[in-house]
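The values are calculated or read from the model by the stated rules, or taken from the named source; none is laboratory data. In this text, all values refer to a predicted model and were calculated from it rather than measured experimentally. Positions of Cβ are backbone-derived with ideal geometry, glycine not excepted, and every protein chain shown enters the neighbour counts. The protein model used for the area step is the full one, side chains on, heavy atoms only, and it has no ligands, DNA or RNA in it. Shrake-Rupley method; radii C 1.70, N 1.55, O 1.52, S 1.80 Å.
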Amino acid sequence: MKIVHLCLGCFFPDNYSYQENMLPKFHKELGHEVEVIASLQSFDKDGKICYLAPCKPYRNEHGLMVTRLPYHSPVNINKKMKRFVGLMEALKKAEPQVMFIHGCQFLDMNVVVQYVKGHRDITVYVDNHADFSNSATNWISKNILHKVIWKRCAHQILPYTRMFYGVLPARVDFLADIYKLPREKVSLLVMGAEDDKVDKAQRPEVRSKLRQNYGIGQEDFLIVTGGKIDKAKQQILLLMKAVCDLSQKNKKIKLLVFGSVIPEMKADVEKNQSEHVRYIGWVPSSETYQYFAMADLVCFPGRHSVFWEQTAGMGIPMVVKYWAGTTHVDVGGNVMFLKKDSQQEIRETLELAMKNYETMKRAAMERRKEFLYSGIAARSLE
């Protein structure tokens, strides 16, 4: 079956492990022929949005053909509204049997609908990565962009779509409540972890070698956190301080922090390091599994990231910030939630997690396969 992924309402960065990268990879591993038609939007080495230069179609790191479309002129407004040059031609060349649309927030949806109308045997799926934590954060965005423009795009493709997926429960609600899509046409499709990378990272020698590299004993209780450190995730500093406090009475506790840091926060991150708290800088996405695998506990005290589901797929207990619509990573006791941005609450919750660690670990391992991309990719086409 020929599956074409459209990444036009969103970014598509090569060599990353976002859902936009993983579903095409695992659809290919299921035996399908897969192509990607994407925008020029990507990320630079610091995790900041950037735009690639127009290029010829190429094969990415997974051997998938990628066609990147330039924006119509004037470029600035069409970057925002997502109007592209050559979309109809790219669809005609790709000849999809299944179309998987990542994000319905692009004005060229009318071009997609025009193509689908002429090829009514195509099966269409649409996913959504927008919720109130990252979208509709001001009056214009909520009431004009989302409630009018992007809602219209969603309804244009609705008659031809088998299912709209939200990748978080909050994003399922966003489809139903903001875009007014029928509840029977929206469903949860979780993000997750790469099966092969989980298997490799969980080899005992990986944990042992990495811990040795960073001077962490095999008997130490290691907490790991990672991801982009910016103004939306300043709670990392509270975590560093909380572990420093705990280390005064428990010398076995350690914290390893990785990820890119915005310049304004770099000094504070470095200042909060200690013998027990270490910031190691940016880690390539291909290696993040190894760093989480050497942890006893993973903590994400700030906004949701794809690392939450990745950790759930690895069967590692977590302490995470509570956000309405993101509690799906708790599959029965593997997660403890933080309700406040408080150093004291983080410290007390970490102590409780350590006390109940064996119970959390059992729960984490029992249902981790629900967050593996092999299963997610298969479910996405049901």
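Quote the relative contact order of the chain in percent (integer), defining contacts as alpha-carbon pairs under 8 Å separated by 6+ residues.
14 percent
Counting residues in region 3-82 as N, plug N into 2.2 N^0.38 Å and put the Cα Rg over that result.
Taking the Cα Rg and dividing by 2.2 N^0.38 Å, one obtains 1.09.
Ignoring ligands, DNA and RNA, how do 92, 271, 82 rank by accessible area with a 1.4 Å probe, largest first?
271, 92, 82
Using a 1.4 angstrom probe, figure out how much accessible area region 173-251 has per residue, in square angstrom, rounded to the nearest whole.
47 Å²
If you project the alpha carbons of region 88-242 onto the principal axes, what extent comes out on each, in Å, largest first?
So the three principal-axis extents are 62, 39, 30 Å.
Starting from the Cα of residue 252, step 7 Å toward the Cβ, then list every residue of region 261-300 with an amide N under 15 Å from that point.
296-297
Semi-axes of the equivalent ellipsoid for region 195-287, please: Cα gyration tensor eigenvalues, times 5, square-rooted, ordered largest first, whole Å.
Output for region 195-287: semi-axes of 23, 19, 10 Å.
Taking +1 at the Cβ of each Lys and Arg and -1 at the Cβ of each Asp and Glu, which of 285, 235, 297 sits farthest along the dipole of the chain towards its positive end, judged by Cα position relative to the Cα centre?
235
Around residue 84, under 11 Å between beta carbons, what's the net of Lys plus Arg minus Asp minus Glu among the other residues?
Result for the neighbourhood of residue 84: +2.
With r as the distance between the Cβ atoms of residue 139 and residue 56 and R0 = 45 Å, compute the FRET efficiency 1/(1 + (r/R0)^6) and round to 0.05.
So the FRET efficiency works out to roughly 0.60.
Ignoring any ligand, DNA or RNA, what whole percent of the accessible area of the chain comes from carbon and sulfur when the probe is 1.4 angstrom?
Carbon and sulfur: 50 percent of the exposed surface of the chain.
How large are Rg and Dmax for region 118-192 when calculated on the C-alpha trace, in angstrom?
Using the Cα atoms of region 118-192, the pair Rg, Dmax is 12.5, 40 Å.
Which one, 326, 164, 21, is farthest towards the positive end of the dipole of the chain when Lys and Arg carry +1 and Asp and Glu -1 on their Cβ?
Among 326, 164, 21, the one farthest towards the positive end of the dipole of the chain is 164.
Can you work out ³J(HN,Hα) from phi for every residue in region 71-87, in order, using Karplus 6.51 cos²θ - 1.76 cosθ + 1.60 and θ = phi - 60°, giving whole Hz and x for Gly and Pro?
3J(HN,Hα) across region 71-87, in whole Hz: 8, 5, 8, x, 5, 4, 6, 7, 5, 6, 8, 6, 10, 10, 9, x, 5.
Could you work out the percent of alpha carbon pairs in region 102-143 separated by over 16 Å, rounded to a whole number?
52 percent
Could you bin all the Cα-Cα distances of region 248-359 into 10 Å bins starting at 0 and give me the percent of pairs in each, rounded to whole numbers?
12, 44, 38, 6
Distance check, please: which entries in 197/271; 241/369; 249/340; 28/147 exceed 28 angstrom between their Cα atoms?
In this structure, 197/271; 241/369; 28/147 exceed 28 Å between Cα atoms.
What order do you get for 301-311, 225-235, 273-283, 162-172 when each peptide is scored by the mean count of other beta carbon atoms within 10 Å, highest first?
Most protected by this proxy first, the peptides run 301-311, 162-172, 225-235, 273-283.
Would you kindly calculate the translational diffusion coefficient of region 272-321, applying Stokes-Einstein with the Kirkwood radius from alpha carbon pairs, for 20 °C and a viscosity of 1.002 mPa s, and quote it in µm² s⁻¹ without decimals?
So the translational diffusion coefficient is about 179 µm²/s.
Quickly work out the residue 110-to-residue 75 label distance, labels modelled 7 Å from Cα along the C-beta direction, and quote it in nm with one decimal.
So the two model labels end up 2.4 nm from each other.
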